[in-house]
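Asker: For reference, the structure I am asking about is given below.
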Amino acid sequence: MFITITKENINSLPTGFLKREEVEEELINNPFGKYIIYVEKDNPFLLLGYIYYSEIYDRVEINQFEVEKAHRNCGIGNKLLKKFTEIVEKGITLEVRENNKNAIYLYEKYGFQQVAKRKKYYQEIDGLLMERKIKEGISMKDVYILGIESSCDETSVSIIKNGCSEIATVISSQIDIHKEYGGVVPEIASRHHVKNITFVLEESLEQAQMKIEEIDAIAITYGPGLIGSLLVGLEAAKILSYLYHKPLIPVHHIAGHIYANSLVKPLNFPLLALVVSGGHTELIEMRDHFEFTKLGGTLDDAIGECYDKVARVIGLEYPGGPKIDQLARVGKDTYQLPIPLKDNSYNFSFSGLKSAVINLSHNEKQRGNKLRKEDLATSFQKVAVESVITKTRKALLDKNIKHLIVAGGVAANAELRTEIIKMAEGIEVEVSIPPMKYCTDNAAMIAAAGYYAYKLGRRADFSLNSLSSDPLK
Amino acid sequence: MRSLYIDTSSSFLYAGIIEEEKILAECQKRFDHDLSKEALPEIIKLFEKSKLNPQDIDKIIVVNGPGSFTGIRIGITIAKVYAWTLNIPITTITSLEAMAISAEEKKVHIPMIDARRGYVFAGIYDEENRCLFTPKHIKLETILKEVEKFSNYAIITNDEIEKISCQRSYQPNILKIVNYFQNKESISPHSVNPDYLKLTEAEEKKN
């Protein structure tokens, strides 16, 4: 005989090897939690086995599955799992010790499949992630998010499944247009966004072979960024959300950069996010999805901004950051530059370093010395990267965080990538850096972040406005 | 035949739903910097008021400028994405045409929009709304000289432009505008774009 126990009928829990107080505490702390228990018909007051599970919207996770010791190998586990898979009409996942062959055999009997291995999940033992799909071929209901990003000079639309698999991404970049002006001209960027928006939408749907009707929600970068540029994506997202009755999910641009990592592997909390881009240099601690604590940030210029300015001083074309990275590989570290902000904070400062490069370049010119561009690039990059590494390392150690993710356009910098990996290895921190294509602005990251925001129930109404600056949330 | 009209080229939202000769719902409100926030909610109210679904619209008429660059993009983006995704015929008109057509008096009309630094966006239209002077980004003095050629005229402005006598302030007649342009040929939503009548400053400096 089976009984389902929830917060409401906790009093009907029979006595046995499961303590009522424990069950009560679990159900108070876990709003998704439920128990299904097994008792014999002729002794309904003695608990013999149970499955403790969480029903989280459209999926189910088994948290615990246990049969009373003296009654094992009598088919109770079998009965429980059979009943459970019958009543739960959703995809089910669970983790099991890799060496628990009996349990794995039982799960496989009821249609569970091994989908992933979790290294050292149970202290020294690996865990197996197993999944039971609803029907043959159909997994838990897939969630498709359409993301739109237009915060700077890239018009991008992407469709992402379940926050991790890329179905389609289209990016229309204006880099060649803005190159002529030595930087992004906001009004020109806005004008191109409005011209591109329907083409980019159309192409992404064509690539995905999908209709908007099949999308579950629309995620949009509402800020921070160039206001005129943001507005085009925002109005497009709002009208689509209205026309198709799809939830509108507001996404902070930096949250997008951080969640670019979830396109590669799931985020592991607690984690430290190092955000490095043309507009940001920040260290952010995350204890859970969308729980951001800013530990520190730049007090003046962002690192990417500093790279571009230094590039201009030494005569490299916009965008100069990647070009410095290339030059630095062939140069020698011969110029003396000051290491910025050697203090105990998690903050950064790059304007002093920028000024030092400008002064150095002037002085060399006045003395009639030829500026060795590649050497200056090497020396500059060494100092800039070192400053980022030092503060990141400090934050990881102080906060005892074992997962580091790197985000933002400057995460494409080769030297930064190498040095971060080296540093992380030294202190046994697992590091995740998204592939190049997800580092620069794109809508895939917005849709990925949008998926988790959607799961958390975040919604915006049609009065959502774009914001040129806004704290990460 | 039901038409949706959208004009966000100034600090006002002018929008309406017209069925045959009747106006079912309209909005004429000043929003200034809140236009991006309020435009779509106000347009949604028009559907609610007229008890229509967005799918019931047979034609979208949208103003593509001149005027506020950011403002124009709000209306154009809403209109073009709407038309594109639901496959609804769409056409664009200029804000200056809308101003001339809305005028009551039978006169030569000179609609003008402030473009700052002594410049305006302006055009000249005769009694039958035929264009006599193609809309341009032009020095105020220059267009005023042009105006002197006519005897019986009215200058229509959106924002007050100082130094102009005998100006009328723009009161849009959405029913009249929509009826006038109802049969204007539709274009592909992809090519529905603002016509700013002015390059960006960065482009001007470069040229």
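Asker: Test each condition in (1) outside any helix (DSSP H, G or I); (2) out of contact with any Leu (no Cβ under 9 Å at 6 or more places or on another chain); (3) modelled with pLDDT of 95 or more; (4) of a type outside the set (S, T, N, Q) for residue A:183 and report the one that comes out false.
Answerer: (3)
Asker: Which condition number does residue A:432 fail, the rest of (1) of a type in the set (Ser, Thr, Tyr); (2) in contact with a strand residue (DSSP E or B) (Cβ under 7 Å, 6 or more places away or on another chain); (3) more than 14 Å from chain B (Cβ to nearest Cβ); (4) over 15 Å from residue A:284 (Cβ atoms) being met?
Answerer: Checking residue A:432 against (1) of a type in the set (Ser, Thr, Tyr); (2) in contact with a strand residue (DSSP E or B) (Cβ under 7 Å, 6 or more places away or on another chain); (3) more than 14 Å from chain B (Cβ to nearest Cβ); (4) over 15 Å from residue A:284 (Cβ atoms), the one that fails is (4).
So that you can scan it fast, the table gives a plain yes or no per residue for (1) modelled with pLDDT under 95; (2) of a type in the set (Phe, Trp, Tyr); (3) touching a Cys at 6+ places or on another chain (Cβ under 8 Å):
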{"site": "A:296", "(1), (2), (3)": "no, no, no"}
{"site": "A:305", "(1), (2), (3)": "yes, no, no"}
{"site": "A:309", "(1), (2), (3)": "yes, no, no"}
{"site": "A:312", "(1), (2), (3)": "yes, no, no"}
{"site": "A:318", "(1), (2), (3)": "yes, yes, no"}
{"site": "A:332", "(1), (2), (3)": "no, no, no"}
{"site": "A:339", "(1), (2), (3)": "yes, no, no"}
{"site": "A:345", "(1), (2), (3)": "no, no, no"}
{"site": "A:369", "(1), (2), (3)": "yes, no, no"}
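Asker: Can I ask one more? Hey, can you tell me all the residues within the stretch A:340-374 that are within 36 Å of the chain's Cα centre (by Cα), farther than 17 Å from residue A:309 by Cβ and either of a type in the set (Val, Ile, Thr) or in a helix (DSSP H, G or I) (or both)?
Answerer: Passing the criteria: only A:374.
Asker: Kindly provide the set of residues from the stretch B:14-44 that are farther than 23 Å from residue B:192 by Cβ and within 12 Å of another protein chain (Cβ to nearest Cβ), ordered by number.
Answerer: B:33, B:34
Asker: What residue, among those in the stretch A:178-187 that are at the interface with chain B (Cβ under 7 Å from one of its Cβ atoms) and in contact with a helix residue (DSSP H, G or I) (Cβ under 6 Å, 6 or more places away or on another chain), is nearest to residue A:442 (Cα to Cα)?
Answerer: For the stretch A:178-187, the residue satisfying everything is A:185.
Asker: Going through the stretch A:380-401 one residue at a time, which ones are of a type in the set (Val, Ile, Thr) and without any contact (Cβ under 8 Å) to a residue 60 or more places away in the chain?
Answerer: A:383, A:385, A:389, A:390
Asker: Test residue A:389 against the stated conditions and say whether it is on the phi < 0 side of the Ramachandran plot, outside any helix (DSSP H, G or I) and crowded, with 17+ Cβ neighbours inside 10 Å.
Answerer: No.
Asker: Now a separate question. Considering B:165, B:95, B:151, which residue is away from every other protein chain (no Cβ under 14 Å), crowded, with 17+ Cβ neighbours inside 10 Å and either of a type in the set (Gly, Ala, Ser) or under 12 Å from the mean Cα position of the chain (by Cα) (or both)?
Answerer: B:95
Asker: Another question, then. Give the number of residues within the stretch A:8-25 that are over 16 Å from residue A:63 (Cβ atoms) and among the basic types (Lys, Arg).
Answerer: The number of residues fulfilling the criteria is 1.
Asker: Yes or no: the stretch A:426-433 includes at least one residue that is in a loop (DSSP other than H, G, I, E, B), surrounded by fewer than 18 Cβ atoms within 10 Å (Cβ to Cβ) and of a type in the set (D, E, K, R).
Answerer: yes
Asker: I've got another one for you. So, of the residues in the stretch A:446-473 that are part of a helix (DSSP H, G or I) and touching an Asp or Glu at 6+ places or on another chain (Cβ under 8 Å), which turns out to be farthest from residue A:413 (Cα to Cα)?
Answerer: A:454
Asker: State the number of residues belonging to the stretch B:58-72 that are within 9 Å of chain A (Cβ to nearest Cβ) and touching a Ser or Thr at 6+ places or on another chain (Cβ under 6 Å).
Answerer: 1
Asker: Going through the stretch A:316-361 one residue at a time, which ones are over 26 Å from residue A:279 (Cβ atoms) and surrounded by fewer than 12 Cβ atoms within 10 Å (Cβ to Cβ)?
Answerer: If the condition is that a residue be over 26 Å from residue A:279 (Cβ atoms) and surrounded by fewer than 12 Cβ atoms within 10 Å (Cβ to Cβ), then A:330, A:332, A:334, A:336 are the ones that fit.
Asker: Count, please, the residues in the stretch A:22-32 that happen to be more than 16 Å from residue A:12 (Cβ to Cβ) and either among the aliphatic types (A, V, I, L, M) or in contact with a Leu (Cβ under 9 Å, 6 or more places away or on another chain) (or both).
Answerer: Number of matching residues: 1.
Asker: Looking only at residues in the stretch A:134-151 that are among the hydrophobic types (A, V, I, L, M, F, W, C) and at pLDDT 95 or above, which one is nearest to residue A:93 (Cα to Cα)?
Answerer: This residue is A:145.
Asker: Can you find even one residue in the stretch A:18-34 that is in contact with a strand residue (DSSP E or B) (Cβ under 9 Å, 6 or more places away or on another chain) and of a type in the set (S, T, N, Q)?
Answerer: yes
Asker: Anything in the stretch A:242-263 that is farther than 14 Å from residue A:441 by Cα and in contact with a Leu (Cβ under 8 Å, 6 or more places away or on another chain)? List them, or say none.
Answerer: Correct list: A:242, A:243, A:246, A:248, A:250.
The values are calculated or read from the model by the stated rules, or taken from the named source; none is laboratory data. The structure displayed is predicted, hence computed values, not measured ones. Here Cβ is always computed from backbone atoms with ideal geometry, including for glycine, and neighbour counts include all displayed protein chains.
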